[in-house]
Amino acid sequence: MDGTGRLKSESRRLLAEDDRDSESVSLLAFVLTHQNRLFEAEVAYRRALDLAPNYGLAHQNLGSLLIQMDAPKRHGARSSARGRWHAGV
């Protein structure tokens, strides 16, 4: 089992003990992110923040994830916006 697999197993074990532990939920979200299961990771980070609204690391990781998820859209929008701007000059 690789490192990510071990982290996932550990987070699942911790969640089985206490499914309201924001750190365990956030750890699972981190693992899901690294497995490229981004939508599931977003749900898990939001769950961690529901449990602990001031959990800074979960806020930071969710923000990074949302940027990562939106990057293809922003890149495409930026390219087409740039093309329109140049066309109007």
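All of the numbers you see were taken from the coordinates with simple rules; none came from a lab. As the structure is a prediction and not an experimental result, all values here were calculated from the model. Please note: Cβ atoms are built from the backbone with ideal geometry, for glycine as well, and neighbour counts cover all protein chains shown.
Before moving on, here are some points about what is shown:
- Legend: calculated FRET efficiency, ARG12 to HIS34, from the Cβ-Cβ distance at R0 = 22 Å, rounded to 0.05, equals 0.90.
- Each of TYR55, TYR45 was scored by other Cβ atoms within 10 Å of its Cβ. Listed from fewest to most, they are TYR55, TYR45.
- Of ARG47, ARG12, the sequence from fewest to most neighbouring Cβ atoms within 10 angstrom is ARG12, ARG47.
- Contour minus Cα-Cα distance for ARG20 and GLN68 (0.36 nm per residue): 14.6 nm
- Of THR33, THR4, the sequence from fewest to most neighbouring Cβ atoms within 10 angstrom is THR4, THR33.
- Region 4-20 - phi-based ³J(HN,Hα) in whole Hz, Karplus 6.51/-1.76/1.60, Gly and Pro as x: 5, x, 5, 4, 5, 4, 5, 5, 5, 5, 5, 5, 5, 6, 8, 6, 10
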